[in-house]
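Participant: Here's a structure for you.
Any read-out appearing in this document is the output of simple, stated calculations on the displayed coordinates, not a laboratory observation. In this text, all values refer to a predicted model and were calculated from it rather than measured experimentally. Cβ placement follows ideal geometry from the backbone for every residue including glycine, while neighbour counts extend to all protein chains displayed.
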């Protein structure tokens with residue numbers, strides 16, 4: 001996995017897991033890579049992975065059982081929450097960029113409606 | 001923990017270290033970054049006990065470096081092994097001096113790094129020599145691992161092997177690795193703490209992740225910015 | 001992995017011996033060649049006194065005795081030229097072991113070389129004088145004296161090698177004037193130490209001459225031996241202290 005060096009790596013680890021959860025690539029009860037396995041495969045500092053995993057545990061996304069491994073414990077409501085949170089991030093970024101180009105909300109909404117028509121309603 | 005307390009060192013007319021103050025925390029991978037001649041090698045050698053401060057003090061867990069040599073695994077930039085020895089002989093030599101030698105790890109790493117105990121150190125390629133130096137230091141479970149430019153002049157594939165080896169064998173919390181290099185991009189995602197050194201002084205130090213959070217920059221970018229004035 | 005001072009010393013010793021193997025081979029080759037030359041030309045020399053066979057032995061002995069002193073410079077300077085001094089200096093051992101192992105290796109080289117010379121010589125002599133072993137056993141005093149002189153030579157070599165170490169180590173304190181300093185320190189140490197030694201020998205001889213008639217007797221030689229060993233110890237210690245405390249890379 002390629003990491004963007006200008007953003008904190010531990011957050012990118014968490015984000016990548018969040019994406020996998022939202023896309024359904026990981027489900028409740030699935031076993032994820034151990035910290036060491038992840039660090040070796042990604043070739044990054046094990047301390048960084050440890051930080052990411054600890055935060056995921058604090059967020060109740062995962063749980064580590066001694067001798068067994070680390071498992072996804074994220075529930076449906078949590079997934080919805082995560083999805084919403086990530087959507088908000090993208091939206092904030094999008095609106096920010098459009099605004100910096102000089103577009104108003106009304107213009108943004110009409111552009112979106114046009115896109116929707118072009119794509120045949122719904123991506 | 002390794003402490004540099006107002007350390008100054010002069011070589012002839014050059015002031016290599018200028019009242020350098022630093023605390024290298026235990027159990028982390030630490031990057032010592034700076035341009036050539038900044039004082040990186042001198043600092044590393046001082047920790048290994050190969051030179052002494054003119055003023056100030058270096059302490060390793062409260063002891064002087066020359067009393068702590070058994071805790072240090074030092075990997076210098078130059079080729080420092082006996083060229084007539086085979087890798088196996090060099091291993092036999094090394095392990096007689098250190099109680100922390102792990103023979104199982106040695107054999108396992110030998111295979112992992114595609115090396116052969118019969119290879120003569122003077123006859124193998126530069127990349128293989130770099131891997132041999134790494135092998136002999138990492139086969140020990142030393143609390144402190146000092147690496148002076150471990151990747152310079154090494155081909156890309158060997159660099160990957162070296163970094164992979166470091167990651168897989170790193171004992172977080174227990175082991176402290178100090179990597180001194182001017183090739184920051186290679187070790188960007190490897191280091192916990194960074195110390196930017198220039199003209200014998202620490203210019204900037206802190207946690208790599210915190211730098212990324214606060215500045216939204218990579219370590220490479222931070223270095224370029226910090227040292228732009230030096231190039232002038 | 002357990003480790004002991006003995007293990008460490010033997011590793012250092014073996015490593016240093018490995019560097020000296022070429023020289024020992026030279027001595028063995030010289031012994032074989034010189035003795036061989038005399039052996040195969042024995043007929044031509046029958047008109048001479050059989051004791052002429054001492055000549056090749058003495059030649060080889062000279063080579064065997066001289067080489068360790070030369071090698072003492074090589075053993076130290078090579079660590080620097082090969083950069084292996086980075087390895088040596090980062091080992092958790094004091095200079096006593098590092099230098100001590102080199103000293104032991106050089107003495108081994110000397111003993112091996114001289115033994116080869118003497119044995120080869122005896123072998124050749126036996127061809128010319130079949131009863132030579134019996135002859136020697138008839139003069140135990142000469143044998144004793146020879147052994148005493150041999151021990152004295154070892155002590156003298158210890159002293160010379162220590163001086164070689166000291167002058168080299170002192171030379172390494174400066175990067176620019178290394179060879180010059182080595183040369184000067186060597187001369188100075190040689191001069192001052194030989195003055196001390198001859199002074200003590202004279203003193204000792206005065207004391208022993210009062211109570212004996214023999215010009216050379218064992219007790220005064222033992223005194224010379226002890227003085228040489230003491231001088232060697234002082235110089236060696238100085239070299240080790242400078243290495244441990246003052247040398248930097």
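Participant: Tell me, what is a quarter of the convex hull surface for the C-alpha atoms of the range A:9-74, in nm² with one decimal? It would help to have the intermediate numbers written out before the result.
Facilitator: Numbers: hull surface 16.0 nm².
The orientation-averaged projected area of the Cα hull of the range A:9-74 comes to 4.0 nm².
Participant: For residue A:83 and residue A:113, what does the FRET efficiency come to when R0 = 22 Å and r is the distance between their Cβ atoms, rounded to the nearest 0.05? Mind showing how you got there, number by number?
Facilitator: On the way: r = 23 Å, r/R0 = 1.06.
Working from the Cβ atoms, E equals 0.40.
Participant: For the range B:38-96, what does the equivalent ellipsoid look like in terms of its semi-axes, each the square root of 5 times an eigenvalue of the Cα gyration tensor, given largest first in whole Å? Walk me through the intermediate numbers first.
Facilitator: On the way: eigenvalues 137, 43, 11 Å².
In descending order, the three semi-axes are 26, 15, 7 Å.
Participant: Shape of the range C:109-155 from its Cα gyration tensor (a ≥ b ≥ c, root eigenvalues): rounded if a/c is under 1.5, otherwise prolate when a/b > b/c, or oblate? Present the calculation step by step, with values, prior to reporting the outcome.
Facilitator: Numbers: a/c = 4.48, a/b = 1.30, b/c = 3.44.
Oblate.
Participant: Take peptide C:88-99, look around each residue's Cβ out to 10 angstrom, count Cβ atoms belonging to other protein chains, and average those counts. If you can, show how the numbers build up before the last one.
Facilitator: Working: counts 2, 9, 14, 9, 11, 3, 1, 0, 0, 0, 0, 0.
Taking the mean over all residues of the peptide, I get 4.
Participant: Let me confirm one metric for peptide B:165-172, namely the mean number of other chain beta-carbon atoms within 10 Å of its residues' beta-carbons. Let's see the in-between values first.
Facilitator: Details: counts 1, 2, 10, 7, 1, 6, 1, 9.
Per residue, the number of nearby Cβ atoms from other chains is 5 on average.
Participant: What number does the range A:77-119 give for Rg over Rh if you use C-alpha atoms and the Kirkwood radius? Mind dumping the intermediate values first?
Facilitator: Values: Rg = 12.9 Å, Rh = 11.7 Å.
Here the Rg-to-Rh quotient is 1.10.
Participant: Nearest 5 is fine: what % of DSSP beta bridges in the protein assembly as shown come out antiparallel, could you say?
Facilitator: Working: 27 of 45 bridges.
DSSP beta bridges in the protein assembly as shown are roughly 60 percent antiparallel.
Participant: Where the eigenvalues come from the Cα gyration tensor of the protein assembly as shown, what are the semi-axes √(5λ) of the equivalent ellipsoid, largest first, in whole Å? List each step's numbers first, then the result.
Facilitator: Working: eigenvalues 993, 138, 78 Å².
For the protein assembly as shown, the semi-axes come out at 70, 26, 20 Å.
Participant: If you don't mind, another one. Stokes-Einstein diffusion coefficient for the range C:1-138 at 25 °C in a medium of 0.890 mPa s, Rh from the Kirkwood formula over Cα pairs: what value in µm²/s? Intermediate values should be presented prior to the final figure.
Facilitator: Values: Rh = 17.1 Å.
After rounding, the answer is 143 µm²/s.
Participant: Pop a pseudo-label 7 angstrom from the Cα along the beta-carbon direction at both residue C:135 and residue C:173 and give the gap in nm to one decimal.
Facilitator: That separation, rounded to one decimal, is 5.4 nm.
Participant: Also, I was wondering about something else. How many partner chain Cβ atoms sit within 10 Å of a residue's Cβ in peptide A:46-54, on average, as a whole number? It would help to have the intermediate numbers written out before the result.
Facilitator: Working: counts 9, 12, 8, 2, 2, 2, 0, 0, 0.
Other-chain Cβ atoms within 10 Å of each residue's Cβ, averaged: 4.
Participant: Which value, to two decimals, describes the C-alpha radius of gyration of chain B once divided by 2.2 N^0.38 Å? Please list the in-between numbers first.
Facilitator: Numbers: Rg = 17.5 Å, N = 232, 2.2 N^0.38 = 17.4 Å.
Dividing the Cα Rg of chain B by 2.2 N^0.38 Å gives 1.01.
Participant: Oh, and also: How compact and how long is chain A, expressed as Rg and Dmax of its alpha-carbon atoms in Å?
Facilitator: 18.2, 56
Participant: Here is a follow-up. For n ≥ 4 DSSP H runs only, could you compute -39500 (n - 2.57) per run for the protein assembly as shown, divide by its residues and tell me the 222 nm figure to the nearest 500?
Facilitator: Details: 22 runs with 357 residues, N = 604.
Taking each H run of at least 4 residues, the total per residue is -19500 deg cm²/dmol.
Participant: Take the Cβ-Cβ distance between residue A:58 and residue B:26 as r, set R0 to 35 Å, and report the resulting FRET efficiency rounded to the nearest 0.05. Please report the intermediate quantities before stating the final value.
Facilitator: Working: r = 25 Å, r/R0 = 0.70.
About 0.90, to the nearest 0.05.
Participant: Still on this structure, please answer the following. Taking chain B as a Gaussian network, where each spring joins two C-alpha atoms under 10 Å apart, which residue of B:55, B:217, B:128 fluctuates the most?
Facilitator: In this elastic network of chain B, the residue with the biggest mean-square fluctuation among B:55, B:217, B:128 is B:217.
Participant: When a footprinting reagent is the concern and you count Cβ atoms within 10 Å, what order do B:52, B:95 take, fewest first? Provide the component values of the computation, followed by the final result.
Facilitator: Details: B:52 18, B:95 21.
Arranged by neighbour count, lowest to highest, B:52, B:95 become B:52, B:95.
Participant: Any idea how far apart residue B:107 and residue C:122 come out in nm if each label point goes 7 Å out from Cα toward Cβ?
Facilitator: 4.6
Participant: A follow-up question, please. Would you mind estimating how fast the range B:98-183 diffuses translationally, via Stokes-Einstein at 25 °C and 0.890 mPa s with the Kirkwood radius over Cα pairs, in µm²/s? Before the final figure, lay out the partial values.
Facilitator: Details: Rh = 13.4 Å.
It comes out at roughly 183 µm²/s.
Participant: Where does each of A:88, C:78 land when they are ranked from fewest to most other beta-carbon atoms within 10 angstrom? Numbers along the way, then the final one.
Facilitator: Working: A:88 10, C:78 15.
So the residues, fewest neighbours to most, are A:88, C:78.
Participant: Would you mind pulling out the separation of the Cα centroids of the range B:72-144 and the range B:51-66, in Å?
Facilitator: 27
Participant: Moving on to the next point. How far is helix B:126-138 tilted off the main Cα axis of chain B, in degrees rounded to 10, range 0 to 90?
Facilitator: In chain B, helix B:126-138 runs at an angle near 90 degrees to the longest axis.
Participant: With N denoting the number of residues in the range C:67-109, provide Rg(C-alpha) divided by 2.2 N^0.38 Å, to two decimal places.
Facilitator: On the way: Rg = 10.6 Å, N = 43, 2.2 N^0.38 = 9.2 Å.
It is 1.16.
Participant: Where is the GNM fluctuation largest for chain A (alpha-carbon springs, 10 angstrom cutoff): A:50, A:12, A:68?
Facilitator: The residue that fluctuates most here is A:68.
Participant: Here is a further query. How many angstrom lie between the Cα centre of the range C:80-151 and the Cα centre of the range B:190-232?
Facilitator: 60
Participant: What translational diffusion coefficient, in µm²/s and rounded to a whole number, does the Stokes-Einstein relation yield for the range B:1-59 at 10 °C and a viscosity of 1.306 mPa s, taking the hydrodynamic radius as the Kirkwood radius over Cα pairs? Can you show the working numbers first?
Facilitator: On the way: Rh = 11.7 Å.
Approximately 135 µm²/s, per Stokes-Einstein.
Participant: Which order, highest average first, do C:175-188, B:14-27 follow once you tally other Cβ atoms within 10 Å for each residue and take the mean per peptide?
Facilitator: Working: C:175-188: 14.1, B:14-27: 17.0.
My ranking of the peptides, most packed first, is B:14-27, C:175-188.
Participant: Need one number: convex hull volume per residue for the range C:109-197, Cα atoms only, in Å³.
Facilitator: 115
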